[in-house]
């Protein structure tokens, strides 16, 4: 998630939050408080561009569902919280959870890209929120210099368990058949060209 403006927080009811929101709003509603977000950095956008390209091609080929990217609301019913994940994947059998305005409840996959100000929020607060909601897979990508990496968590018996890479360094999704990400893509100096990564992912 892009950086939060910690000094700009506003207390509103959820109904007031919805009335205030526009298509250009970059904010979340947590514990009755609106948290506004700054525009993301270039490294954040580059990660999302890669992931979006791979998901677009994959879902076009398989027809398994849809994906959306921020700003788009995910309302978590068990936490009574409105989040704005960087990426959401909703499989075909769960498309009833998706409306024109928001996704509600346990979507199938969520991904967040860490920024300097979102480390605790993405790795602790949202981790617990998504786990509690029953979201089956959570990807957490860190593009910050000196901390680059990716971790994918799979929901097992109600708890997130890190997905281990196979012998070739692939992180294989347990939700999206034959969708996989290579660890080294996210640890090097530069991200791969999306088209090259797609060809490599397909094998």
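The values are calculated or read from the model by the stated rules, or taken from the named source; none is laboratory data. Just so it is clear, the structure is predicted and the values come from calculations on it, not from any experiment. Ideal geometry is used to build each Cβ from the backbone, glycine not excepted, and the neighbour counts take in all protein chains shown.
All conditions but one from (1) under 21 Å from residue 46 (Cβ atoms); (2) part of a loop (DSSP other than H, G, I, E, B); (3) modelled with pLDDT of 95 or more; (4) within 15 Å of the chain's Cα centre (by Cα) apply to residue 115; the one that does not is (3).
Within the stretch 119-141, the set of residues being assigned to a loop (DSSP other than H, G, I, E, B) and within 13 Å of the chain's Cα centre (by Cα) comprises 135, 136. Which residues, taken from the stretch 56-86, are surrounded by 17 or more Cβ atoms within 10 Å (Cβ to Cβ), touching a helix residue (DSSP H, G or I) at 6+ places or on another chain (Cβ under 9 Å) and in a loop (DSSP other than H, G, I, E, B)? Selection gives 64, 70, 79, 85, 86. Each residue in the stretch 145-162 was checked for being surrounded by 16 or more Cβ atoms within 10 Å (Cβ to Cβ) and within 16 Å of residue 187 (Cβ to Cβ), and 4 pass.
Filtering the stretch 142-176 to residues that are part of a loop (DSSP other than H, G, I, E, B) and within 18 Å of the chain's Cα centre (by Cα) leaves 143, 144, 148, 163, 173, 174, 175, 176.
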